[in-house]
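Any read-out appearing in this document is the output of simple, stated calculations on the displayed coordinates, not a laboratory observation. Treat the numbers as computed from the prediction; the structure is a model and nothing was measured. Neighbour counts are summed over all protein chains in view; Cβ atoms, including those assigned to glycine, are modelled from backbone coordinates with ideal geometry.
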Amino acid sequence: MSTNFMSQWVYSPVVKDHFMNPRNTWDEAENFEADGVGEVGSLACGDQMRIAIQVKDDTIADLRWLTYGCASAIASTSMMSEMVKGMSLEEAYHLSPMAITEALGGLPEHKFHCSVLGDKGLRAAIDDYLAKQKRDNPFKHKIAKVICECKNVTDVAIEDLVKSGEAKTLDDLERITEYGTVCGKCKEQVAELFDQFKHIYNT
């Protein structure tokens, strides 16, 4: 077996610690009163995650989580739960998968998607909190990246359409956004994002 292949499976001591001793897990017996709850992923596809937050003065006061998945998913969610306590909603919403991975000391390349799931779960919980407060979400447009420049279609717009169920297929997405109908160079990237969001939101 090659050294390169073996290195892909090596976990840092920090990852091992968070996997063996996960922080802030959700024990339903403790009656944690959540202000917002986000759920992403699908057991049918592998990882599933639920994140609950308590908010005070637009700051993450506390957080609990449950996940069904691999060691990387558990470790990355545990690390994320420690990082966001005390963050403003805006800071937490902008927490990147790369920041979580770096705090863990790295993840095997094929496990990077696990930190993405934690990031999406946290945003879903903040979305839920703001919706329950009947407040607009001022953070989404700040993280949006334009994927289709010709039609100004962002990754956040694609995510919202998949999450809401409005775009169940790529044909639906093209009909609604008209992505790829001019130069077409974005089609491959849009298809990859579409599949990713379908997996995350189990739609």
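Which one is right for this structure if semi-axes √(5λ) of the Cα gyration tensor in Å is calculated from it: (1) 28, 23, 15; (2) 35, 18, 17; (3) 46, 21, 15?
(1)
Mind checking which of MET87, SER12, ALA125 is farthest towards the positive end of the chain's charge dipole, using Cβ charges of +1 (Lys, Arg) and -1 (Asp, Glu) about the Cα centre?
Most positive-ward Cα: SER12.
Counting Lys and Arg as +1 and Asp and Glu as -1, what is the net charge of the other residues whose Cβ lies under 14 Å from the Cβ of LYS56?
Computed value for this residue: -4.
Suppose every K and R has +1 on its Cβ and every D and E has -1 on its Cβ; what is the size of the dipole of the stretch 15-71 about the Cα centre, in Debye to the nearest 20?
280
Where a Cα-Cα gap under 28 Å defines reach, which lysines qualify for LYS56, not counting those fewer than 8 residues away within the same chain?
By straight Cα distance, LYS56 reaches LYS85, LYS120, LYS132, LYS134, LYS140, LYS142, LYS163.
What FRET efficiency do you get for ALA99 and ASN137 if R0 is 25 Å and r is their Cβ-Cβ distance, rounded to the nearest 0.05?
0.75
Round to the nearest 0.05 the FRET efficiency obtained for ALA29 and CYS70 when R0 = 25 Å and r is the Cβ-Cβ distance.
Details: r = 25 Å, r/R0 = 1.02.
Working from the Cβ atoms, E equals 0.45.
So how strong a dipole does the stretch 47-203 carry about its Cα centre when Lys and Arg Cβ are +1 and Asp and Glu Cβ are -1, to the nearest 20 debye?
Approximately 280 debye in magnitude.
For LYS151, which aspartates and glutamates qualify as cross-link partners when the Cα separation must be under 15 Å and same-chain residues fewer than eight apart are set aside?
GLU174, GLU178
Of the residues ASP160, ASP172, ASP57, which exhibits the maximal mean-square fluctuation in a Gaussian network model of the chain defined by a 10 Å Cα contact cut-off?
Answer for the Gaussian network model of the chain: ASP57.
Most fluctuating residue of ILE74, ILE158, ILE100 in a GNM of the chain with Cα springs under 10 Å: which is it?
Highest fluctuation of the listed residues: ILE158.
What share of the DSSP beta bridges in the stretch 13-109 is antiparallel, in percent to the nearest 5?
Approximately 95 percent, going by the DSSP bridge assignments.
Starting from the Cα of LYS198, draw a straight line to each of the aspartates and glutamates and keep only those under 15 Å, dropping any in the same chain fewer than 8 residues away.
Correct list for LYS198: GLU39, ASP47, ASP155, GLU159, ASP160, GLU166, ASP171, ASP172.
Averaged over all directions, how much area does the convex hull of the C-alpha atoms of the stretch 163-203 cover when projected, in nm²?
Average of the hull's projected areas for the stretch 163-203 equals 2.6 nm².
Would you kindly state how much longer the chain becomes between GLU188 and LEU170 on full extension, computed as 0.36 nm times their sequence separation minus their alpha carbon distance, in nm to one decimal?
Going from the current span to full extension adds 5.4 nm.
Local charge sum around PHE32 (other residues, Cβ-Cβ under 12 Å, Lys/Arg +1, Asp/Glu -1)?
Working: positive: ARG50, ARG64; negative: ASP27, GLU28, GLU30, GLU33, ASP35, ASP62.
Net of charged neighbours comes to -4.
Just going by the charge dipole of the chain, with Lys and Arg at +1 and Asp and Glu at -1 on Cβ, which of CYS150, THR169, ILE200 is farthest out on the positive end?
Of the options given, the answer is CYS150.
If you take the beta carbon distance between ASN21 and ASP160 as r and set R0 to 41 Å, what does 1/(1 + (r/R0)^6) give as a FRET efficiency, to the nearest 0.05?
My answer for the efficiency is 0.70.
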